[in-house]
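Just below is one structure, and these are the notes that go with it.
The values are calculated or read from the model by the stated rules, or taken from the named source; none is laboratory data. Keep in mind it's a predicted model, so treat the numbers as computed, not measured. Backbone-built Cβ (ideal geometry, glycine too); neighbour counts: all protein chains shown.
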Amino acid sequence: MWGFAFMFWLVPLLLISMAFRRRRWYGRYGPPGRYGPPPWADGSDLRREIEVQRGTIERLESTVSQLEERLDFTERLLSGRHEAGATS
């Protein structure tokens, strides 16, 4: 008879566990009784942040390519002056 006493406590513990799990997700972020994904899981802010970062990366890549072109030009200019000074 006492072997099944744990089953009585299993039901209240299960209900309390479910209540705390639900409160953890929706306790202060949404109305009680609402099920579904948490409000911060919609992804629109994440997509916006990714687009901003992509724009920043593209600007940085274009700046680096312009700097590479300027460096190549400067190297060619300096090597031409060095060769002109060595031949005269």
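With respect to Arg22, determine if the residue is at pLDDT 95 or above, surrounded by 10 or more Cβ atoms within 10 Å (Cβ to Cβ) and of a type in the set (Lys, Arg).
Taking the combined requirement at face value, the residue does not satisfy it.
Just to be sure I understand the filter: pairs with C-beta atoms under 7 Å, separated by 6 or more residues or on different chains, first member in the stretch 60-78 and assigned to a helix (DSSP H, G or I), second member exposed (fewer than 10 other Cβ atoms within 10 Å of the Cβ). Which pairs pass?
none
Among what's in the stretch 67-85 and is surrounded by 10 or more Cβ atoms within 10 Å (Cβ to Cβ) and of a type in the set (A, V, I, L, M), pick the residue that is nearest to the chain's Cα centre (by Cα).
Leu67
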